[in-house]
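S.K.: Following this message is one structure expressed as structure tokens.
The values are calculated or read from the model by the stated rules, or taken from the named source; none is laboratory data. Remember, predicted model here, so these are calculated numbers, not experimental data. Positions of Cβ are backbone-derived with ideal geometry, glycine not excepted, and every protein chain shown enters the neighbour counts.
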Amino acid sequence: LGEDAPRYPDRPVPDWYRDAKFGVFVHWGLYSVAGWAPPRRPGEDVPVELEYSHHQYAEWYANTLRIPGSPTAAYHESSFGVGTSYEDLADAWTAERYDPDGWMRLFAACGARYVVPTAKHHDGFCLWDTATTGFSSVHRGPRRDVVAELAGAARSAGLRFGLYYSGALDWHVSHFPPIRSLTDLFTHRRNDPAFARHCFEQVRELVEAHRPDVLWNDIDWPDSAKAAGPYSLAELFEHYYDLVPEGVVNDRWGVPHLGFRTREYRTETGTPAWAWEATRGLGASFGYNRAEDDTHLIDATELVHLLVDTVAKNGNLLLNISPRGDGSLPEAQVARLRELGRWLAAHPDAVYGTRPWHRHAEPVGAPLRYTVRPDGTLNVIALDPAHGDFRLPADLLGRPGAHWGEGAAEIGPDGTVVIPEALRHLPAAVLTLPPS
Ligand SMILES: C[C@@H]1N[C@H](CNC(=O)c2cc3ccccc3o2)[C@@H](O)[C@H](O)[C@@H]1O
């Protein structure tokens, strides 16, 4: 490291985060007013040359709109007219059905332990009472301090409160051509000291006003803040941890300091020793996409499997919900969240507060996942109980006291575990083995 390379703190990921396991991401912003991107079903891909002109992330609307000939450009003109800019939409944003307390009560009821709403996404529109710009939800549109309302509602609902911030991209204060490739993504962005100070001051406002338990930065941070000196990232982290001793950050700051690692629409192959977080939308987008219907969304059983698989691999799941511009929550998304919450409410000890076993699954055979409770009890989670009985692996044979929630488990001499009929309709069934 060069002589001016700052020193970053080495901090463990706090236990509250590792125990929480399930959080709700909320991408809500000016892009939710338009709420459109070319829809994409699970498994569908586009050729790399269309990756940005046909971006499936509706929160990228401001960029996609600027790509000549993109479906988004056509959608925008037909919906808002040739003379309406993206930023003009700020005055059309009324958020008339926005109910922060209702949102947070729902997320808590669905088993989330933390929530991470977007404070500023790549479009640069700020959802809090900022002194740094007039491009905000207080000065324009809703004329509400969305972040303050969400912070209060989250904590009243017993949730930890984090904030997403777009550190690398702010299209309101940048004047590059649209991003049309991965190369553009890394070159069409500001790294100058003035922008670095702008980002520093914005996040300082958020930290001082709301003490977020999680600082979830996206993509990267302005390079000129990565050396020692005023408005440096090192100073920002120091300030943050002074104000929020149990605070935690993610791994997208572009410096050798991170809390939990992140995977987006992907998972880990095994069980890493480090804390990590899997994040995705319920469909292919984080921002609301009115072009998505039920067939574009992950189904509830897959959602339970995603959570269990992630937790078995030492990860958390940060599942995104995409409120409409008016603040209402898409019913199909809420239905899936509630279904996940019902399973979690019936099997809390299979997830919350657990830690991974020495393997997360079996290389072959029945789809099992393992988690270990604080008292050493092993949760053997059958991901597809409808397929019926499964064989316990050799290293678990003979362990006494095997139990389903309701009663003792029937296990044959060869390790065949009979799944009770009453459990076969569930997305996953949990067999517990007391500490050996
Ligand atoms: C949560 C989503 N993040 C998108 C940017 N994605 C990334 O920077 C990214 C993607 C990703 C995948 C694996 C490890 C790190 C990674 O970073 C961002 O462009 C989307 O609009 C949305 O906010």
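S.K.: Kindly check whether there is at least one residue in the stretch 350-361 that is closer than 30 Å to Arg105 by Cβ, in a helix (DSSP H, G or I) and either modelled with pLDDT of 95 or more or of a type outside the set (S, T, N, Q) (or both).
M.R.: For the stretch 350-361, residues closer than 30 Å to Arg105 by Cβ, in a helix (DSSP H, G or I) and either modelled with pLDDT of 95 or more or of a type outside the set (S, T, N, Q) (or both): present.
S.K.: Within the stretch 385-403, can you find the residues that are crowded, with 18+ Cβ neighbours inside 10 Å and within 29 Å of Ala20 (Cα to Cα)?
M.R.: If the condition is that a residue be crowded, with 18+ Cβ neighbours inside 10 Å and within 29 Å of Ala20 (Cα to Cα), then Pro385, Leu392, Leu396, Ala402 are the ones that fit.
S.K.: Asp123 versus (1) away from the ligand (no atom under 16 Å from the Cβ); (2) acidic (Asp, Glu); (3) assigned to a loop (DSSP other than H, G, I, E, B): which is the lone unmet condition?
M.R.: (1)
S.K.: Restricting to the stretch 245-283, name every residue that is closer than 19 Å to Trp357 by Cα, within 11 Å of the ligand (Cβ to nearest atom) and of a type in the set (Ser, Thr, Tyr).
M.R.: The answer is Thr267, and nothing else.
S.K.: Then there is this: Being over 21 Å from Asn289 (Cβ atoms), touching a residue at least 60 places away in the same chain (Cβ under 8 Å) and among the charged types (D, E, K, R) is the filter here; which residues of the stretch 11-43 pass it?
M.R.: Arg11, Arg18, Asp19, Lys21
S.K.: Could you say which residue among Leu329, Leu319 is under 24 Å from Ala34 (Cα atoms), under 18 Å from the mean Cα position of the chain (by Cα) and in a strand (DSSP E or B)?
M.R.: Matching residue, one of Leu329, Leu319: Leu319.
S.K.: Now for a different question. Sort out which residues of the stretch 219-234 are in a loop (DSSP other than H, G, I, E, B) and within 16 Å of the ligand (Cβ to nearest atom), and write them in order of number.
M.R.: Ile219, Asp220, Trp221, Pro222
S.K.: Determine the pairs where a residue that is over 22 Å from Leu236 (Cβ atoms), located within the stretch 149-167, has a partner that is within 16 Å of the ligand (Cβ to nearest atom) with Cβ atoms under 7 Å apart, the partner being 6 or more residues away or on another chain.
M.R.: These pairs meet every condition: Ala154/Val115; Leu159/Tyr114; Leu159/Val115.
S.K.: Also: Got a sec? Which of Leu185, Leu169 is part of a helix (DSSP H, G or I), within 13 Å of the ligand (Cβ to nearest atom) and at pLDDT 95 or above?
M.R.: Leu185
S.K.: Applying the selection to the stretch 342-352, what residues are within 17 Å of Pro434 (Cβ to Cβ) and of a type in the set (Gly, Ala, Ser)?
M.R.: Result: Ala350, single match.
S.K.: With the structure loaded, tell me whether Arg97 is in contact with a Gly (Cβ under 6 Å, 6 or more places away or on another chain) and within 22 Å of Asn320 (Cα to Cα) or whether it fails that test.
M.R.: yes
S.K.: Could you tell me how many of the residues in the stretch 248-262 are in a loop (DSSP other than H, G, I, E, B) and over 12 Å from Val203 (Cβ atoms)?
M.R.: So the answer is 10.
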